[in-house]
Amino acid sequence: MKKPSSRIREEIARLQDQLKQAETREAERIGRIALKAGLGEIEIDEAELQAAFEQIAKRFRGGKPAATGKKDAGDGRAASGDSATQSPGADAGGLGEA
């Protein structure tokens, strides 16, 4: 059965409102975590911060960390990147045992 276009528009408006609320909750959650981590006190370019968040997202989605194409930045962070790669495994083990 077909829905009238007015019903579809109402449903779209309702879903857009739900999306907006979900994005607000997610932004507030990530913002609180970032502030706890001390990111509010660091002066950093937004593009650079977004790139760092994208690396974190890739890492937790199972992608390779620090695969941005910036060879110098990646080489400079290799030691911290390796330890960061090992830390989640250690943390995951700790969480599994707890």
(message) With θ taken as phi - 60° and the coefficients 6.51, -1.76 and 1.60, list the Karplus ³J(HN,Hα) couplings across segment 11-22 in order, rounded to whole Hz; mark glycine and proline as x.
(response) 5, 4, 4, 5, 5, 5, 5, 4, 4, 4, 5, 5
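Could you give the accessible area per residue of segment 15-58, probe 1.4 Å, as a whole number in Å²?
Values: 3900 Å² over 44 residues.
Value returned for segment 15-58: 89 Å² of accessible area per residue.
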(request) Please turn the phi angles of segment 41-49 into ³J(HN,Hα) values with the Karplus equation 6.51 cos²θ - 1.76 cosθ + 1.60 (θ = phi - 60°), one per residue in order, whole Hz, x for glycine and proline. (result) 8, 9, 8, 9, 5, 4, 5, 5, 5
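Find how much the distance from GLU23 to ALA52 grows on full extension, using 0.36 nm per residue of separation minus their present alpha carbon separation; answer in nm with one decimal.
Additional length available on full extension: 8.5 nm.
Just by accessible area at a 1.4 angstrom probe, what is the order of LYS58, LYS20 from largest to smallest? Don't jump to the answer; show the numbers that get you there.
On the way: LYS58 95, LYS20 135 Å².
The most accessible residue leads, giving LYS20, LYS58.
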(message) Are there any GluC sites (Glu not before Pro) in segment 1-46 that are in a DSSP loop and have at most 15 other Cβ atoms within 10 Å? List them by number.
(response) GLU43
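On the accessible surface of segment 20-61, probed at 1.4 Å, how many percent belong to carbon and sulfur atoms? Before the final figure, lay out the partial values.
Details: 2030 of 3850 Å².
Of the solvent-accessible surface of segment 20-61, carbon and sulfur hold 53 percent.
The values are calculated or read from the model by the stated rules, or taken from the named source; none is laboratory data. Every value quoted in this text rests on a predicted model; they were computed, and no experiment measured them. Ideal geometry is used to build each Cβ from the backbone, glycine not excepted, and the neighbour counts take in all protein chains shown. For the accessible areas, the whole protein counts, side chains as well, though only heavy atoms, and no ligand, DNA or RNA atoms are used. Shrake-Rupley method; radii C 1.70, N 1.55, O 1.52, S 1.80 Å.
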